[in-house]
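The block underneath contains the structure these notes are about, expressed in C-alpha cells.
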Amino acid sequence: MISLVSQFGSPLYVYDESVIQRQAHLLKESLAYPDTLFCYAMKANSNLAILDTVRKLGFGVDCVSRGELELALMAGFDPSVIRFTPSFALTDEIRFAVEKGAQVTLDSLPVLEWYLGQFPDIPAGLRLNPSVMAGAYDKTSTGHAKAKFGIGMDLLAEVLRLVASGPFKINGLHIHSGSDILETDQFMKAVEVLLSAAPRFKSLDYIALGSGFKVPYFEGDKKTDMAQLGKTITDRFTGFCADYGRPLRLIFEPGKFLVSEAGTFLVTCTWVKENGGIRFAGVDSGFNHLIRPMFYGAWHTITNLSNPQGIPEKYDVVGNICETDTFASDRMIPEIRPGDILAFANAGAYCYSMASSYNSRPRPAEVYLQQGEARLIRHRETLQHLLSLQIPLPS
Ligand SMILES: *Cc1c(COP(=O)(O)O)cnc(C)c1O
C-alpha cells in the first residue's frame, strides 16, 4: 500500500476488486429467491471501473440523477437493469430516463400526476414511505414518517384513484429505509408495510426492498446477518407471491455493502502538534475528500502504515481544511510522525463520490487493484481542472 503512494501520490483512494466480488457473492448466496435482481446503488461510488466489475457480476444499477444514468449507460448496463430512483428530480431527468428505457420510480403524488400526463402508457414504479425508523444515523434514515422520501401510506387511496383513472400501469413498489440496518426485525417491519399495500396494485412485476445492509467498521463490529435476513426475506416473499397469484421479481439496491470495505484512503501526515493536552495529527486531506465522520459521525479505522511497530499514543486525526474537520478523536495509533502514511478503512462507499474541491484543493486520484495489479482509474484533479469553469473578469 505504501508503495502506491510513491507511485501515484497522496492522498489516494485505492479499491480492491476482489472485495467487491466477495461481497457480491455473499449477497447472491444469502438472498436465494430465484428471481432476484441486485442493482448497485452507484451513488456510493460511481467510478467506471467499479461499474464494470459490478456489471460483470450480473448486477443492474440504481441511479439517482441524469449524470448517473449516463455513466451507467457508458459502463454498458442494459437499460432493462437500470433503475432510476431519484428524489425531487427535474422533469428533464425523468424524461431522459424514460427515453433511455430505464425503470423509473416515482416518489411523490405530484410527480406521479405529472408522469401519468406525460407517459400514460409507460409503466412506472412507486416509492412508498413505510414510516419506519431504521438505520444508525439520523441523516441516513430515509423511511421514517417525516423523511422527504417516498409516498406516505396515508396517500395510498389517492394514488390508487389516480392510477385507476387511466390506462396506467404501476409495475413495482419500492422502499429504502436507510443505511446501516442491523436487525432483521427492523428491516422486515418496513417490508411488511410494503407487502400489506402491494395486493391493492394488480399489475406488479417487481418489489424493490432497497438496501441499508451494514458492514463492519472495525474488528468485531456488528454487521447485518445476511444469511438470516436472506432466509427470512426469501421465505416471506415466496409466501407473498403465492398469495398475490404469481411470482414477482425481487430487487435489492446495495451500495455500501458492495464497495465500502473494498476501499482504503491513503493520506500523509503533514504536522503533529499539541493544543490543550490533545495531540493532533494533521494530514494532507480533509472533509473535502472524506466527509463521512463529520457529516454522519461515521467511524473509519485509521492505521499508521509507516510505523506499525511504533508505540501507540492517543491522537485526534484532523484534516487540513480551515474548518473543524476531525476524522477521529482519542484514537490510539502507533506514533505518527510527519511524512507517515495513514490508511483509512471502509473508504469505498460515499467517500470519493461525496468529495469536493473546498478550500481550492484538488480531489485525489483513484487506483484499482485487480489480480494483484494496481491501475490508475481516475487522474488526480489539478488546479487547471478547478479553474476550468471560472471566467476571469476582463482586466
Ligand atoms: C443510497 C440508496 C441505496 C443504497 O444504500 P446503501 O446503504 O449504500 O446500501 C439504495 N437504494 C436507494 C434508493 C438509495 O438512495
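The figures follow:
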quantity: Which listed pairs, of K28/K214; K28/K222; K100/K169; K43/K148; K28/K169; K43/K100, have C-alpha distances above 22 Å, in listed order; calculated: K28/K169
quantity: Charge dipole (the range 6-147, unit charges on Cβ, about Cα centre) - positive-most of V111, S131, L69; calculated: S131
quantity: Computed over the chain, Kirkwood Rh from alpha-carbon pairs, angstrom; calculated: 22.5 Å
quantity: Length-normalised contact order of the range 193-292 in % [C-alpha pairs under 8 Å, at least 6 apart]; calculated: 28 percent
quantity: Dipole magnitude of the range 33-120, debye to nearest 20 (Cβ charges: Lys/Arg +1, Asp/Glu -1, about Cα centre); calculated: 180 debye
quantity: Per residue Cα convex hull volume in Å³ - calculated over the range 8-163; calculated: 157 Å³
quantity: Under 9 Å, Cβ to Cβ, from N346 - net charge with Lys/Arg +1 and Asp/Glu -1; calculated: +1
quantity: Over 27 Å [Cα-Cα, the range 255-387], rounded percent; calculated: 19 percent
quantity: Given charges at Cβ of Lys, Arg, Asp, Glu: the chain dipole, positive-most of V259, H300, L229; calculated: L229
quantity: Net charge contributed by nearby residues that have their C-beta within less than 14 Å of I251 (K/R +1, D/E -1); calculated: 0
quantity: Estimated dipole of the chain in Debye, rounded to 20 [Cβ of Lys and Arg +1, of Asp and Glu -1, Cα centre]; calculated: 340 debye
quantity: Trypsin sites (Lys or Arg not before Pro), loop per DSSP, at most 13 other Cβ atoms within 10 Å - longest free stretch of the chain; calculated: 223-395
quantity: Residue among Y368, G348, F327 farthest towards the positive dipole end of the range 302-368, charges placed on Cβ; calculated: Y368
quantity: In nm, spacing of pseudo-spin labels at E113 and R337 (7 Å Cα→C-beta vector); calculated: 6.8 nm
quantity: Relative contact order for the chain, counting Cα pairs under 8 Å that sit 6 or more residues apart, in percent; calculated: 19 percent
quantity: Size of electric dipole in the range 116-217: Cβ of Lys, Arg +1 and of Asp, Glu -1, about Cα centre, debye, nearest 20; calculated: 180 debye
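Computed from the coordinates by the stated procedures, all read-outs in this text should not be read as laboratory data. The model shown is predicted, which means the values in this text are computed figures rather than measured ones. Note that we place each Cβ from the backbone using ideal geometry, even for glycine, and neighbour counts take in every protein chain shown.
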